[in-house]
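These notes concern the structure reproduced below.
The values are calculated or read from the model by the stated rules, or taken from the named source; none is laboratory data. These figures come from a predicted structure and were not determined experimentally. Don't worry about glycine lacking a Cβ; one is built from the backbone with ideal geometry, like all the others, and counts go over all protein chains shown.
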Amino acid sequence: MELLTGHRPRTAARPGPRHLTRTDVLVMAVAGAVTVANLYFPQPLLDAIARGLRVSPHTAGLVASAAQLGYALGILFLVPLADTARLRRLTTVLLALTSGGLLLAAAAPNVPTLTLATLAVSTTTVLPQILTPVAAALAGPGRRGRVVGLVGLGLTLGSTLSRTVSGVASDAGGSWRTAYLLAAVATAALLWFVPRALPERLGTTGDRLPYRRLLASLPRLFAEHREVRESALTGAAVFAAYSVFWATLAFHLAAPRLGLGPGVAGLFGVLSLPGALLSAYAGRLSDRYGAGAVRAGALLCLALSFAVVGLGAHSLVALVVGANLLVLGTSSAQVANQARIFELDTRIAARVNTVFMLCTFGGGAVGSLTAAWLYGAYGWSATVLSAAGFTALAAVVVVGARRTAPSCGPRDRREAGTHTRVPRRERR
């Protein structure tokens, strides 16, 4: 681990980080889109994988489960390194390992090998969760929300379009392995651009902590920073509501009243692009009006979404409109939540993002499990009501946060962003 953290005895502090240019932001957004796509592009290929490797669809589904597990492990064990690591070295190692894992997956002779390769790939493809806090730290007060929004837009587009691209690549190449090879090439190409867009380090030499202390500080950051707790709980509830919809949409579309196949369900990712593109403005609005106002608007979008898909359960138009409102609300809430926690201090940006993302993914898992049970037992209406319940829970957290927040405007919060107290035990 010393290879990545570069932990050595303290020496003189280096000068401050480089200025973040538009090209740097573009590179980070593209890199985030490419690497986050590695998590989602295998999903439409599962049937082809099952047929190609002569296994059941249930067995092939282990690939998707391994991707989610690996990503959670990577967020927990690798993302905190960005607070202290040599960023260029860290990103180079992660991109090289991810590319190698994708090549191994493309050549996998059986499902166990493919599953292990997927676990390795998803663990090391956590670059999006490293680039987001790095971009926010380099942007500085006044631009932080906008930059987080642009990088977040890359992640949204990557996760949305990856399923379509992988399906096209698989059909064009005649094998599911073609999509893995394309992903390996795209990920390896980032080695030429991403390290050059980053500073050597985020913090000064005196800010570095040993790896074990980085991990040990995560629960303490959650306990000691109200902003982290509120954003993490809001993110968990919002992503739970989001997961309820997407976990049951394919089953609802296939029900007798609609009778539509998985191809139509896959198209919903493309049809919800307008909502994803509109969410790019969430960062600018957060800079101007504050994260609380953006989160309130995001929750309103979610509430409208579930009203639309509940009342128009058997209308494709209503479902598409609801999906766009859902994507817009979820993405906007995440941008606002991250912009808020990144105002705490640049020295802990990667670790507070780790806490936030772990809680968010935990909420998504709860939402998916809840949806699977409710849909099987009570149908679409019950799942929509559960999603509305998760949205209401997020609203309770946001309202409580607004009531207890210090009375200062967006400009005051931006100016205070880089001077927020860091726990004494984190100071070196």
Task: All positions within region 183-206 that are crowded, with 18+ Cβ neighbours inside 10 Å, of a type in the set (S, T, N, Q) and at pLDDT below 95 - done: none
- [ ] Mind counting the residues in region 331-374 that are more than 13 Å from the chain's Cα centre (by Cα), aromatic (Phe, Trp, Tyr) and buried (at least 22 other Cβ atoms within 10 Å of the Cβ)?
- [x] 1
Open item on the list: If a residue counts only when it is among the hydroxyl-bearing types (Ser, Thr, Tyr) and buried (at least 16 other Cβ atoms within 10 Å of the Cβ), which helices (runs of 4 or more DSSP H) contained entirely in region 245-310 have at least 1 such residues?
Closed with: 282-289
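Check whether at least one residue in region 121-144 is charged (D, E, K, R), surrounded by fewer than 23 Cβ atoms within 10 Å (Cβ to Cβ) and at pLDDT 95 or above, and report yes or no. Give the steps one after another, and end with the answer.
Here is the first cut: in region 121-144, the ones charged (D, E, K, R) are 143-144.
Next, from what is left, pick out any that are surrounded by fewer than 23 Cβ atoms within 10 Å (Cβ to Cβ): 143.
Still in the running and at pLDDT 95 or above: none.
The answer is no, given that none of the residues of region 121-144 is charged (D, E, K, R), surrounded by fewer than 23 Cβ atoms within 10 Å (Cβ to Cβ) and at pLDDT 95 or above.
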Open item on the list: Scan region 60-68 and tell me whether some residue there is surrounded by fewer than 24 Cβ atoms within 10 Å (Cβ to Cβ), of a type outside the set (A, V, I, L, M, F, W, C) and under 17 Å from the mean Cα position of the chain (by Cα).
Closed with: yes
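Looking at region 311-320, is at least one residue within 24 Å of THR84 (Cα to Cα) and outside any helix (DSSP H, G or I)?
Start the filter on region 311-320 by keeping residues that are within 24 Å of THR84 (Cα to Cα), which leaves none.
Within region 311-320, not a single residue is within 24 Å of THR84 (Cα to Cα) and outside any helix (DSSP H, G or I).
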TODO: With the condition kept exactly as written, say whether any residue in region 2-14 is buried (at least 16 other Cβ atoms within 10 Å of the Cβ), modelled with pLDDT of 90 or more and in a helix (DSSP H, G or I).
DONE: no
Open item on the list: Please verify whether LEU161 is part of a loop (DSSP other than H, G, I, E, B), over 19 Å from LEU95 (Cα atoms) and modelled with pLDDT under 90, treating the condition exactly as stated.
Closed with: no
Open item on the list: For the list (1) closer than 30 Å to GLU224 by Cβ; (2) among the charged types (D, E, K, R); (3) free of Cβ contacts under 8 Å to residues at least 60 places away in the same chain, I need the number of the one condition that ARG295 fails.
Closed with: (3)
Open item on the list: Conditions first: (1) touching a helix residue (DSSP H, G or I) at 6+ places or on another chain (Cβ under 6 Å); (2) closer than 26 Å to LEU26 by Cβ; (3) outside any loop (DSSP other than H, G, I, E, B). LEU202 passes all but one, so which condition is the exception?
Closed with: (3)
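Please enumerate the residues belonging to region 167-182 that are buried (at least 24 other Cβ atoms within 10 Å of the Cβ), in a helix (DSSP H, G or I) and not aliphatic (A, V, I, L, M). Explain how you work it out, then say what you get.
Step one: of region 167-182, the residues buried (at least 24 other Cβ atoms within 10 Å of the Cβ) are 176, 179-180.
Checking which are in a helix (DSSP H, G or I) leaves us with 179-180.
TYR180 - this is the single residue of region 167-182 that is buried (at least 24 other Cβ atoms within 10 Å of the Cβ), in a helix (DSSP H, G or I) and not aliphatic (A, V, I, L, M).
So that you can scan it fast, the table gives a plain yes or no per residue for (1) surrounded by fewer than 16 Cβ atoms within 10 Å (Cβ to Cβ); (2) farther than 24 Å from ARG54 by Cα; (3) at pLDDT 95 or above; (4) hydrophobic (A, V, I, L, M, F, W, C):
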residue	(1), (2), (3), (4)
GLY70	no, yes, no, no
VAL79	no, yes, yes, yes
THR91	no, yes, yes, no
GLY101	no, no, yes, no
ALA105	no, no, yes, yes
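Test LEU209 against the stated conditions and say whether it is closer than 22 Å to VAL134 by Cβ and at pLDDT below 95. Outline the logic, then answer.
Values: closer than 22 Å to VAL134 by Cβ: yes; at pLDDT below 95: yes.
Answer is yes for this residue.
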Open item on the list: Out of everything in region 311-330 that is surrounded by 24 or more Cβ atoms within 10 Å (Cβ to Cβ) and either touching a strand residue (DSSP E or B) at 6+ places or on another chain (Cβ under 6 Å) or small (Gly, Ala, Ser) (or both), what residue ends up being nearest to VAL397 (Cα to Cα)?
Closed with: GLY329
